[in-house]
Structures are given as structure tokens and as C-alpha cells.
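Read the figures in this text as sums done on the coordinates, not as results from a lab. Only a predicted model underlies this, so the values are computations on that prediction, with no experimental measurement involved. Cβ atoms come from the backbone with ideal geometry, glycine included; neighbour counts cover every protein chain shown.
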């Protein structure tokens with residue numbers, strides 16, 4: 001697995017930008033994930049090589065488009081730690097907050113952070129639509145990221161309120177997400193954002209293509225957003 005990760009980082013042109021031991025740490029993270037997955041539903045991907053490709057290298061692709069050094073990132077709906085954990089391992093100076101509504105996942109992530117000796121990374125057990133009304137979280141992050149499967153309109157309302165003006169929301173989506181992106185245009189504008197870049201990439205060693213949508217925060221988010229999740233689901237922006 002480690003050799004696959006090393007080759008993938010080299011294919012991305014990232015080998016000079018990440019710590020020397022990053023591939024080893026990612027491999028250990030993957031091993032811990034697969035071991036815990038035997039008793040907790042963390043990932044549907046259970047082959048080690050596929051974990052390397054479809055989790056570790058998929059998340060690493062973000063570094064092709066971003067400089068995360070010394071920034072603050074919030075991973076919204078982190079699940080098993082993607083992309084926040086991978087980005088933290090690859091960019092040690094990145095300050096990371098992992099947010100999720102399922103405490104069992106967060107307990108495992110906190111334990112994994114200790115095992116991997118990661119610093120300046122924390123977990124927050126809360127619902128995304130609630131915590132962004134907290135002044136200590138609202139518009140406090142350089143980046144908010146989500147690899148969730150929710151529709152882009154929903155993700156924008158959940159994530160953009162956390163991003164400071166001048167920061168960026170990173171939405172990891174499928175390459176066939178053009179209809180989603182079109183439908184989300186009014187939501188992006190209403191929440192103070194503007195689509196900056198749509199970047200499609202191929203995961204090294206695979207035929208898999210994914211998409212990163214970068215939404216710049218250009219003005220403060222109106223205080224009424226985000227709404228309750230029931231309202232977001234019933235009437236997307």
C-alpha cells in the first residue's frame with residue numbers, strides 16, 4: 001500500500017511538498033481504518049489497494065490546487081476522516097477540525113490522531129447546521145471541505161457559513177455533477193460565495209475521475225443561514 005501511495009503522490013507532483021514519512025503514516029491510518037471497520041461501519045471500501053487509491057490518493061489530489069500550509073480547515077461530515085485526516089498528514093502545519101454528528105466515529109478519530117501523533121487537530125461532535133451559528137466557528141476558517149454525498153445546494157448552506165471572507169469551500173464531487181452545480185448557483189450567491197474553479201482529476205493508478213469544486217467566499221453569509229436541516233431538505237436554496 002505504501003508504494004502505491006508514494007507513486008500516486010509522485011504522479012500528482014507532490015513528493016517534494018509532503019513530509020518524508022507521509023506515505024508511511026497514511027498506510028498506518030489505512031490499516032487502523034480497516035481494522036476498526038471490522039466492528040464499525042467506517043468505509044465500504046475494504047481492499048487495502050483500493051483504500052490507498054480511493055481514499056488516500058483521492059483526498060491528496062486537493063493539494064494539486066491548494067496551498068494549505070499554516071491554514072485552518074474544517075472537515076464537515078468527516079466520517080472516517082476524509083479529507084481532513086489525509087490533508088493533515090500531508091500538510092502538518094494545517095490546523096484541522098473534524099466535525100461529525102456521530103460520536104463513535106469521532107472517538108475513533110481522536111484515538112487514531114493520538115496513535116499517529118498528530119497535533120493541532122481536534123474533533124467536534126455536533127450537527128453542521130447548528131454549530132455554524134456559534135461565533136467561535138462562524139466564518140472562522142480558511143477552508144471548509146466536504147466529501148459528503150449530499151447535493152451541492154445542501155452542502156453550500158451547511159459549509160459556507162464556516163468560511164471566512166476570502167476563504168474557500170472545497171466540495172469533492174463526481175465529474176457528472178454539472179446539473180448540481182447549475183442548480184446550486186442561486187444558493188452559492190445567496191450564501192456569499194462565487195464558484196472559482198471546477199477541476200477534474202484522475203486518481204493515479206486508476207481510471208477513476210473525480211471533481212473538486214472551489215467556491216470562494218466573497219461576502220459575509222446572511223445570519224439566517226443555515227436554516228434547520230428540515231427546512232434545508234424541504235426547500236433547498
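Points worth noting:
- Take each peptide in 20-27, 153-160, 197-204, count the other Cβ atoms within 10 Å of every residue, and average; sorted highest first, the result is 153-160, 20-27, 197-204.
- Fewest-first ranking of 216, 224, using other Cβ atoms within 10 Å as the exposure measure: 224, 216
- Among 121, 45, 213, the residue with the largest mean-square fluctuation in a Gaussian network model of the chain, with springs joining Cα atoms closer than 10 Å, is 45.
- Across 175, 91, 51, mean-square fluctuation computed from a Gaussian network of the chain (C-alpha pairs under 10 Å connected) peaks at 175.
- Alpha-carbon centroids, the range 161-236 and the range 1-47: separation in whole Å: 26 Å
- Measuring nothing but how far apart in sequence close Cα pairs (under 8 Å, 6+ apart) lie, relative to its length, the chain scores a relative contact order of 17 percent.
- Packing-based ranking, highest mean first, of 29-41, 181-193 given that Cβ atoms within 10 Å are counted: 181-193, 29-41
- Antiparallel DSSP beta bridges within the range 67-234, as percent of all bridges there, nearest 5: 45 percent
- Taking the Kirkwood radius as Rh and the Cα radius of gyration as Rg, the range 67-234 has a ratio of Rg/Rh equal to 0.95.
- Based on the reciprocal of the average 1/r between different C-alpha atoms, the Kirkwood radius for the range 96-170 equals 13.1 Å.
- Rg in Å to one decimal, and Dmax rounded to a whole Å, for the range 21-99 via C-alpha atoms: 12.3, 36
- Each principal axis of the range 46-164 carries a Cα extent, and these read 39, 32, 30 Å when sorted largest first.
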